[in-house]
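So the structure is just underneath, and the comments pick up after that.
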Amino acid sequence: QVQLVESGGGLVQPGGSLRLSCAASGRIFSITTMGWHRQAPGRQRELVAAIFSDGSTNYADSVKGRFTISRDNANNTPTLQMNSLKPEDTAVYSCHVHSVFRDYWGQGTQVTVSS
């Protein structure tokens, strides 16, 4: 069973940047969508960004213009470049890969934005 593992989280000051990566333990076939979700304490998990098989992307309104999702073609997983980070971006970020057969989720990486 393929596992997803995120990396790149950490503590950053407001206005700073982080780049999240997602590594897969094996090959995932027939991918339709990749994305990043986040969950802050006491809140529901929300979609941050998604990239589709045709290369189109979708972003939550709160991150538009600051975050960029891309596809790591070597791993067939998503990456997330986060700029101009705000305290309200603090959350556990999880990568997600959806294939025609099943969904794959990572355990998450903590992102904390604080001075």
### Query
Around Arg66, which amide H atoms from residues at least 5 apart in sequence, or from another chain, sit under 5 Å from its own amide H, with H modelled in the peptide plane?
none
### Query
Heavy-atom accessible area per residue, the chain, 1.4 Å probe: how many Å²?
53
### Summary
Under 20 Å by backbone N from the virtual spin label 7 Å along Cα-to-Cβ at Lys86, the residues of segment 4-39 are 10-20, 36-39
### Query
In terms of solvent-accessible area of protein heavy atoms at a 1.4 angstrom probe, what is the ranking of Phe101, Phe52, highest value first?
Phe101, Phe52
### Query
Taking every eigenvalue of the Cα gyration tensor of the chain, multiplying by 5 and rooting it, what semi-axes result, largest first, whole Å?
23, 14, 12
#### Entry: Normalised contact order of the chain, rounded percent, pairs of Cα under 8 Å and 6 or more residues apart
37
### Solvent-accessible ranking of Val2, Val48, largest area first, probe 1.4 Å
Val2, Val48
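The values are calculated or read from the model by the stated rules, or taken from the named source; none is laboratory data. Everything numeric here is computed off the predicted structure, so don't read it as measured data. Quick reminder, even Gly has a Cβ in these numbers, built from the backbone with ideal geometry, and neighbours come from all protein chains shown. Just so you know, the surface numbers come from the protein's heavy atoms only, side chains and all, with ligands and any DNA or RNA stripped out. Shrake-Rupley method; radii C 1.70, N 1.55, O 1.52, S 1.80 Å.
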